[in-house]
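Reviewing the structure listed below.
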Amino acid sequence: MLRASSCFQLPPNSAPSLFSLIPSLNLSSPLPEPLISPVNCTLSKALLVPSLPHRFHSFSFKGVFPMVGLHQFCPRGFTASFSAGSGSSESSSGSVGGREILVQHLLVKEDDAKLLLELQKRIVEGEDLSDLAVEYSICPSKEEGGMLGWVRKGQMVPEFEAAAFDATLNKVVKCKTKFGWHLLQVLSEREESILEDIQPTELHEKMQDPSFLEEAQLIDVREPEEVAKASLPNFQVLPLRQFANWGPEIANRFDPQKDTYVLCHHGMRSLQVAKWLQTQGFRRVFNASGGIHEYAVKADPSVPTY
């Protein structure tokens with residue numbers, strides 16, 4: 001249900017569904033960058049929304065590495081009220097720049113009006129939308145209780161976006177898209193997080209400052225054999241192929257409120273991990289542009305190239 005982009009088109013035979021992961025970690029292919037494929041789900045080619053797991057510790061899309069969300073951002077036990085929205089009007093509240101919302105939803109077929117009415121009734125009676133999503137939703141996000149994660153304007157098809165950004169917090173809203181009927185709920189909102197490239201010379205400058213090395217969170221996502229060839233001081237090595245080991249603990253090992261810098265060989269893997277960190281609630285994430293190779297060439301010749 002995301003914006004259609006020529007860079008993120010799914011194969012024509014992909015089964016229609018609602019949201020794709022950005023990024024999706026596909027480690028079945030050889031090491032050449034990028035290791036993260038942005039389109040590795042059975043989802044409609046029109047969709048591209050970050051997925052943030054809700055109650056589950058991981059999800060199991062075929063060929064997609066599990067990711068773990070920040071569960072504290074997804075409070076349970078909300079008392080949901082219900083409202084109907086056409087989803088066709090422009091969002092006035094959503095026009096405010098820099099706002100992100102935390103959204104969960106369920107999706108039913110367009111012609112399944114009886115089920116839609118039943119689910120609306122059960123929500124009004126106090127049942128949790130995420131529980132109903134697990135049982136009835138036809139979107140792959142059902143595996144996470146319908147959790148779509150933090151999204152911003154421009155990431156969703158217009159009908160869903162308008163309904164979501166117009167919705168009152170915790171109120172369940174109905175809207176229709178080409179995928180069917182959605183019942184969606186906005187759980188929280190925040191100012192948009194930052195994801196920026198940092199050039200090699202700027203990073204090198206910062207690394208000469210002891211206070212930067214103490215305060216910044218530095219992550220190297222290359223594999224151990226790569227790090228053995230060339231490395232930068234103070235970077236913690238989190239090999240991408242070992243994502244299953246460190247992904248679930250990312251919010252415990254690092255502070256989402258602190259500046260976080262991500263490094264790889266040429267800047268591709270690190271960019272996708274940086275995007276993933278952003279969906280996990282990290283507020284300020286910086287990708288080392290060009291990776292350690294550009295750092296060695298442009299900033300510090302003492303670092304070997306490979």
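Can you pull out the residues in the range 137-172 that are over 21 Å from K275 (Cα atoms), surrounded by 22 or more Cβ atoms within 10 Å (Cβ to Cβ) and touching a residue at least 40 places away in the same chain (Cβ under 8 Å)? Working first, answer last.
Filtering the range 137-172 down to residues over 21 Å from K275 (Cα atoms) leaves 137-139, 142-143, 145, 158-160, 162-172.
Cutting the leftovers down to surrounded by 22 or more Cβ atoms within 10 Å (Cβ to Cβ) gives us 137, 139, 142, 145, 160, 162-165, 167, 172.
Selection gives C139, G145, F160, A162, A163, A164, F165, A167, V172.
Do we have any residue at all in the range 178-186 that's touching a residue at least 60 places away in the same chain (Cβ under 8 Å), buried (at least 22 other Cβ atoms within 10 Å of the Cβ) and either among the acidic types (D, E) or assigned to a loop (DSSP other than H, G, I, E, B) (or both)?
Yes; the residues of the range 178-186 include at least one that is touching a residue at least 60 places away in the same chain (Cβ under 8 Å), buried (at least 22 other Cβ atoms within 10 Å of the Cβ) and either among the acidic types (D, E) or assigned to a loop (DSSP other than H, G, I, E, B) (or both).
Within the range 190-197, does at least one residue satisfy the condition of being in contact (Cβ under 8 Å) with a residue 24 or more places away in the chain, surrounded by fewer than 23 Cβ atoms within 10 Å (Cβ to Cβ), within 18 Å of the chain's Cα centre (by Cα) and part of a loop (DSSP other than H, G, I, E, B)?
There is at least one residue in the range 190-197 that is in contact (Cβ under 8 Å) with a residue 24 or more places away in the chain, surrounded by fewer than 23 Cβ atoms within 10 Å (Cβ to Cβ), within 18 Å of the chain's Cα centre (by Cα) and part of a loop (DSSP other than H, G, I, E, B).
Would you confirm whether any residue within the range 279-287 is under 22 Å from the mean Cα position of the chain (by Cα), on the phi > 0 side of the Ramachandran plot and part of a loop (DSSP other than H, G, I, E, B)?
Going through the range 279-287, the residues under 22 Å from the mean Cα position of the chain (by Cα) turn out to be 279-287.
With on the phi > 0 side of the Ramachandran plot added as a condition, the list becomes 281.
So of that shortlist, the ones also part of a loop (DSSP other than H, G, I, E, B) come out as 281.
Within the range 279-287, one or more residues are under 22 Å from the mean Cα position of the chain (by Cα), on the phi > 0 side of the Ramachandran plot and part of a loop (DSSP other than H, G, I, E, B).
What is the one condition in (1) in a helix (DSSP H, G or I); (2) surrounded by fewer than 17 Cβ atoms within 10 Å (Cβ to Cβ); (3) of a type in the set (S, T, N, Q) that Q272 does not satisfy?
For Q272, the failing item is (2).
Within the range 289-306, can you find the residues that are assigned to a loop (DSSP other than H, G, I, E, B) and among the aliphatic types (A, V, I, L, M)? Don't jump to the end; show me each part of the working.
Step one: filter the range 289-306 for residues assigned to a loop (DSSP other than H, G, I, E, B), giving 289-290, 299-306.
Passing the criteria: A299, V303.
Could you please give the count of residues in the range 239-271 that are in contact with a helix residue (DSSP H, G or I) (Cβ under 8 Å, 6 or more places away or on another chain) and free of Cβ contacts under 8 Å to residues at least 24 places away in the same chain?
So the answer is 3.
Here's a check for you: in the range 207-239, which residue that is among the acidic types (D, E) and outside any loop (DSSP other than H, G, I, E, B) is nearest to the chain's Cα centre (by Cα)? Show your work before the answer.
Start the filter on the range 207-239 by keeping residues that are among the acidic types (D, E), which leaves 209, 214-215, 220, 223, 225-226.
With outside any loop (DSSP other than H, G, I, E, B) added as a condition, the list becomes 214-215, 220, 225-226.
On the way: E214: 28, E215: 25, D220: 20, E225: 28, E226: 27 Å.
Among them, the one singled out is D220.
So for the range 250-268 (the condition being assigned to a helix (DSSP H, G or I) and within 17 Å of G290 (Cβ to Cβ)), does at least one residue qualify? Reasoning before the result, please.
We begin by selecting, within the range 250-268, every residue assigned to a helix (DSSP H, G or I); these are 250-253, 268.
Going one step further and asking which of them are within 17 Å of G290 (Cβ to Cβ), we end up with 268.
Yes - at least one qualifying residue is present in the range 250-268.
Any read-out appearing in this document is the output of simple, stated calculations on the displayed coordinates, not a laboratory observation. All of these numbers come straight from a predicted model, not from anything done at the bench. Please note: Cβ atoms are built from the backbone with ideal geometry, for glycine as well, and neighbour counts cover all protein chains shown.
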